[in-house]
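Colleague: So that we are looking at the same thing, I have put the structure below in structure tokens.
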Amino acid sequence: MTERSPLSHAALRSLEVDVPTDRETDVDFIAGPPPDPVDASEHLTTALWRRADDPAEALRFHDGHGWVSLSWQELAHRVREVAAGLIALGIEPGDPVAIMSPTRPEWTIADLAILAAAGVTVPVYETASQERCAWVLRNTSARLVLAGSRELAERIDGVRDEVEGLEQILVFDEGALDELAAGAHDDARAALDRRLAALRGDAVASIVHTSGTTGQPKGCVLTHHHLVWTTRQSLRAVEVAFRGERPSTLLYLPLAHVFARIIQFAGLEAGALIGYARSRDQLPEDLQAVRPRFLLGVPRVFEKVAEAMGEQATSHLARRVVELAEQAAGELAQDPSPGLTTRVKAMIAEVLVYRRVRAALGGEVRYALSGGGPLSDDVVHLLAAAGMTIVQGYGLTETSAPATIDRPDAPRVGTVGRPIPGVEVRIDDHGEVLVRGPNVFAGYHRDEQATAEAISEDGWLRTGDLGELDEDGCLRITGRTKALIVTAGGKNVAPEPLEESLRAHPLIAHPVVIGDGRPFVAALIAIDPDAAERFAEQRGDADPAARHQDPGVLEEISEAVEVANRQVSRAEAIRDFRILERPLLVAHDELTPTHKPRRSTVVEHFAEVVDDIYQDRAGDDTR
């Protein structure tokens, strides 16, 4: 088992962030250090061809019978043959090819092959409804779709009549890549060589659609240079996580999301081993098989890891030990030179709790990158005490994923760090976060008006996020401009702080704060079915159908609401709430593919519940 060890002085020096002296740094502006160079001729498969003769392990995955690997040499050959097969099929430079599949090695191979053939990869979430599939495919005019399974292929086939120009659907499970490779011929291979020689960084690499929390998804146009440049600067910001005898990561987030995709390209650039998880249920086994040193995830993943400590503690003594571990983590975070009592607590927690957490994650995880939303400080401290440094970052699809990343050697908990090299961040007069740099996308596909609204003439991207910079230039995200709730009394309420506090409770999966145009603030609470079942078992309750009405659950949620309300004024506090009868679902468009609630859709689908809240308290207001 690998234990944490101090960083070398050389490693610390290499991660130091220098602020350019030609611009004044204050609470409204911060710039990252000068970027590492990226040549105009570099593209997203350049790093692969550099490793084309390397016999080292590149990909590790389960083929249905056991764990197998592809070397860099084998990967390069496979990508080359599939790319030639795409050319033989008729894919021309600039042609969009969609991929709709769970994260798996075929996703990576297909992506690299499309890029090598000078095509444009169009990711589609496997959870996307037929309506959203049709929208993405129409918006990009995809000629070919590579689907993970027959079920996904049928979902796409169901909207084929709505998509002009869609010619073919191939299925990974049915040997799509073998079929493409088998179709390669000498003329296609020669054409591939010509395309690779002509390929430049300014060529469009991918059209990645936003998750659509506030409307229809928009297609972000990202070039090879956008993604190569961002990958290189991101690696520089977190390079300590990619050092060691066997740098490795395990992919389980959807590669349709630009966050996971940048990690894929970072693995290629750094020569790291990329493992592929089979499913959420098999993730514990997959962690043991790959033993990654570096993980990435959304906040809920790490919250689940922290919650699992308490859920496995079924006896009174075990619960006391977990509580002691949590106390020790908090005290260690507050005091760099803890006293004897804290050190004893930490020693006990190390033996009984922290060591088990590391073992459950494969035994070698030292760093994890969290993005896509706020993560509780308590979770960060707890996992840090267990030996895993959580590095938080911030970015959008429009910024090719990360715009800021915290320092792995000295994380500033509660922030999302400072800008990556070459990126500038500014806070405007309204508190909105603006980003400028070579990572900012080319624009929205076929939507000039939205592009003009998003990017100013001098290159600043309006992110739609509210934030602030601390005295050291670390960014803290405080809300969304479009998510602001304006009550009937005219009070502006940012729902995110309330939702973040509520989400910290193990029973709560998705809180949705409401109150726009209403007399007071309220909340719709979707509970975590697994956590609720465990809670009921501990209480001896055998009726799973009535969990949303369980007095014990109601009491727990009431306490969580009280905790959240302590952070805000009376006018901003949650006056009432309802526990929903069922979870929020991606299939109903209530959650984005990255499991963020779509507030307007949730309010629409649970309109009767919302009306019940305000009818019951018709005399209340926010004053």
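The values are calculated or read from the model by the stated rules, or taken from the named source; none is laboratory data. Since the model is a prediction, treat every value here as computed from it, not as a measurement. Note that each Cβ is placed from the backbone with ideal geometry, even for glycine, and that neighbours are counted across all protein chains shown. For the accessible areas, the whole protein counts, side chains as well, though only heavy atoms, and no ligand, DNA or RNA atoms are used. Shrake-Rupley method; radii C 1.70, N 1.55, O 1.52, S 1.80 Å.
Colleague: Need one value: the accessible area of His548 in square angstrom, 1.4 angstrom probe, rounded to the nearest 10.
Modeller: 40 Å²
Colleague: Let me ask something additional. Hey, what angle do you get for helix 186-198 against the long axis of the chain, alpha-carbon based, 0 to 90 degrees rounded to 10?
Modeller: 60 degrees
Colleague: Whole number in Å², please: accessible area per residue of segment 58-201, 1.4 Å probe, ligands, DNA and RNA not counted.
Modeller: Values: 5570 Å² over 144 residues.
Using a 1.4 Å probe on heavy atoms only, each residue of segment 58-201 averages 39 Å².
Colleague: Given just the C-alpha atoms of the chain, how large is their convex hull per residue in cubic angstrom?
Modeller: Numbers: hull volume 105.5 nm³, N = 623.
Normalising the Cα hull of the chain by residue number yields 169 Å³.
Colleague: Over segment 52-108, what percent of the accessible surface lies on carbon and sulfur atoms, probe 1.4 Å? List each step's numbers first, then the result.
Modeller: Values: 1090 of 2220 Å².
Heavy-atom surface of segment 52-108 belonging to carbon and sulfur, 1.4 Å probe: 49 percent.
Colleague: Still on this model: At 222 nm, what value in deg cm²/dmol follows for the chain if DSSP H runs of at least 4 each add -39500 (n - 2.57) and the sum is divided by all its residues, to the nearest 500? Don't jump to the answer; show the numbers that get you there.
Modeller: Details: 22 runs with 231 residues, N = 623.
Rounded to the nearest 500, it is -11000 deg cm²/dmol.
Colleague: Please work out how much length the chain gains when fully extended from Gln288 to Ala198, using 0.36 nm per residue of separation minus the C-alpha to C-alpha distance, in nm with one decimal. Provide the component values of the computation, followed by the final result.
Modeller: Working: separation 90, 0.36 × 90 = 32.40 nm, distance 4.25 nm.
Computed gain between Gln288 and Ala198 is 28.1 nm.
Colleague: Further, regarding this structure: Test of understanding: extend the Cα→C-beta vector of Arg355 to 7 Å, then name every residue of segment 324-348 with backbone N under 11 Å from that spot.
Modeller: Zone members listed by number: 348.
Colleague: Express the relative contact order of segment 23-134 as a whole percentage, based on alpha carbon pairs under 8 Å and six or more residues apart in sequence.
Modeller: On the way: 121 pairs, mean separation 23.5, N = 112.
Value for segment 23-134: 21 percent.
Colleague: How charged is the neighbourhood of Arg150? Take every other residue with its Cβ under 11 Å from the Cβ of Arg150, and add Lys/Arg as +1 and Asp/Glu as -1. Can you show the working numbers first?
Modeller: Numbers: positive: Arg155; negative: Glu151, Glu154, Asp157, Asp173, Glu174.
Result for the local shell: -4.
Colleague: Based on the alpha-carbon gyration tensor of segment 416-460 and its eigenvalue square roots a ≥ b ≥ c, which shape applies: rounded if a/c is under 1.5, prolate if not and a/b is larger than b/c, or oblate?
Modeller: Working: a/c = 2.47, a/b = 1.48, b/c = 1.67.
It is oblate, given that a/c is not under 1.5 and a/b is not larger than b/c.
Colleague: Now a separate question. Full extension from Asp28 to Arg138: what is 0.36 nm times the residue separation minus their Cα-Cα distance, to one decimal in nm?
Modeller: Extra length available between Asp28 and Arg138 comes to 35.5 nm.
Colleague: What are the aspartates and glutamates whose alpha-carbon lies under 15 Å from the alpha-carbon of Lys482, with same-chain residues fewer than 8 places away excluded?
Modeller: Those aspartates and glutamates meeting the cut-off are Glu432, Glu453, Asp465, Glu496, Asp516.
Colleague: Name the residue from Val159, Ala410, Gly373 whose Cα lies farthest towards the positive end of the charge dipole of the chain, charges +1 on Cβ of Lys and Arg and -1 on Cβ of Asp and Glu.
Modeller: Ala410
Colleague: Summing +1 for each Lys or Arg and -1 for each Asp or Glu, what net charge is found among the other residues whose Cβ lies under 10 Å from the Cβ of Ala181? Don't skip to the answer; put the middle values down first.
Modeller: On the way: positive: Arg78, Arg80; negative: Glu81, Asp178, Glu179.
Combined, the nearby Lys, Arg, Asp and Glu give -1.
Colleague: Now for a separate question. If you place +1 on the Cβ of every Lys and Arg and -1 on the Cβ of every Asp and Glu, how big does the dipole about the Cα centre of the chain come out, in debye to the nearest 20?
Modeller: Dipole magnitude for the chain comes out near 1140 debye.
Colleague: Next question, about the same structure. Rank by packing, highest mean first: peptides 409-421, 286-298, with packing defined as the count of other Cβ atoms within 10 Å averaged across residues.
Modeller: Working: 409-421: 20.8, 286-298: 22.5.
My ranking of the peptides, most packed first, is 286-298, 409-421.
Colleague: Same structure again: Round to a whole number: what % of the accessible area of segment 125-268 belongs to carbon and sulfur, probe 1.4 Å? Can you show the working numbers first?
Modeller: Values: 2580 of 5470 Å².
C and S fraction of accessible area: 47 percent.
Colleague: Then there is this: So if we plug the beta-carbon distance of Arg150 and Asp281 into 1/(1 + (r/R0)^6) with R0 = 22 Å, what FRET efficiency do we get, rounded to 0.05? Intermediate results must be reported in sequence, preceding the final value.
Modeller: On the way: r = 21 Å, r/R0 = 0.96.
With a Förster radius of 22 Å, E is 0.55.
Colleague: Please report, for the Cα atoms of segment 101-198, the Rg to one decimal and the Dmax as a whole number; what are they, in angstrom?
Modeller: When restricted to Cα atoms, segment 101-198 yields Rg and Dmax of 13.9, 40 Å.
Colleague: Expressed as a whole percentage, what fraction of the accessible surface of segment 446-546 belongs to carbon and sulfur atoms when a 1.4 Å probe is rolled over the protein heavy atoms?
Modeller: The C+S portion of the solvent-accessible surface of segment 446-546 is 46 percent.
Colleague: Moving on to the next point. Can you tell me the 0 to 90 degree angle between the C-alpha axis of helix 529-539 and the longest principal axis of the chain, rounded to 10?
Modeller: On a 0 to 90 degree scale, this one is about 30.
Colleague: Shape call for segment 385-491 from the C-alpha gyration tensor, a ≥ b ≥ c root eigenvalues: rounded (a/c under 1.5), prolate (a/b greater than b/c) or oblate? If you can, show how the numbers build up before the last one.
Modeller: Working: a/c = 2.06, a/b = 1.27, b/c = 1.62.
It is oblate, given that a/c is not under 1.5 and a/b is not larger than b/c.
Colleague: Hey, can you rank 189-195, 267-273 by average C-beta count inside 10 Å, highest first? List each step's numbers first, then the result.
Modeller: Details: 189-195: 15.6, 267-273: 20.6.
Highest mean packing first, the order is 267-273, 189-195.
Colleague: Further, regarding this structure: Give the calculated FRET efficiency between Ser129 and Ala452 to the nearest 0.05, with a Förster radius of 22 Å applied to their Cβ-Cβ distance. Before the final figure, lay out each step's value.
Modeller: On the way: r = 29 Å, r/R0 = 1.34.
Calculated transfer efficiency: 0.15.
Colleague: Rounded, prolate or oblate: which fits segment 300-447, taking a ≥ b ≥ c as square roots of the Cα gyration tensor eigenvalues, rounded meaning a/c under 1.5, else prolate when a/b beats b/c? Please list the in-between numbers first.
Modeller: Details: a/c = 2.84, a/b = 2.20, b/c = 1.29.
Prolate, since a/c reaches 1.5 and a/b exceeds b/c.
Colleague: Keeping all protein chains in position, work out how much accessible area Arg278 exposes to a 1.4 Å probe, and write it in Å² to the nearest 10.
Modeller: Solvent-accessible area, nearest 10 Å²: 80 Å².
Colleague: Once the whole set of protein chains is in place, how much accessible area is left on Lys218, using a 1.4 Å probe, in Å² to the nearest 10?
Modeller: Around 60 Å² of this residue is reachable by solvent.
Colleague: Farthest toward the dipole's positive end in the chain, which of Ala47, Gly219, Leu112, given Cβ charges of +1 (Lys, Arg) and -1 (Asp, Glu) about the Cα centre?
Modeller: Towards the positive end, the residue furthest out is Ala47.
Colleague: Related question: Provide the per residue accessible area, probe 1.4 Å, for segment 217-275, rounded to a whole number of square angstrom. Display every interim value, and only then the final one.
Modeller: Working: 1310 Å² over 59 residues.
I get 22 Å² per residue for this part.
Colleague: Along the charge dipole of the chain, pointing to its positive end and built from +1/-1 on Cβ of Lys, Arg, Asp and Glu, which listed residue (Ser149, Val290, Ala266) has its Cα farthest out?
Modeller: Val290
Colleague: On to the next question. Please give the helix 607-616 orientation as an angle from the longest Cα principal axis of the chain, in degrees from 0 to 90, rounded to the nearest 10.
Modeller: Approximately 20 degrees, to the nearest ten.
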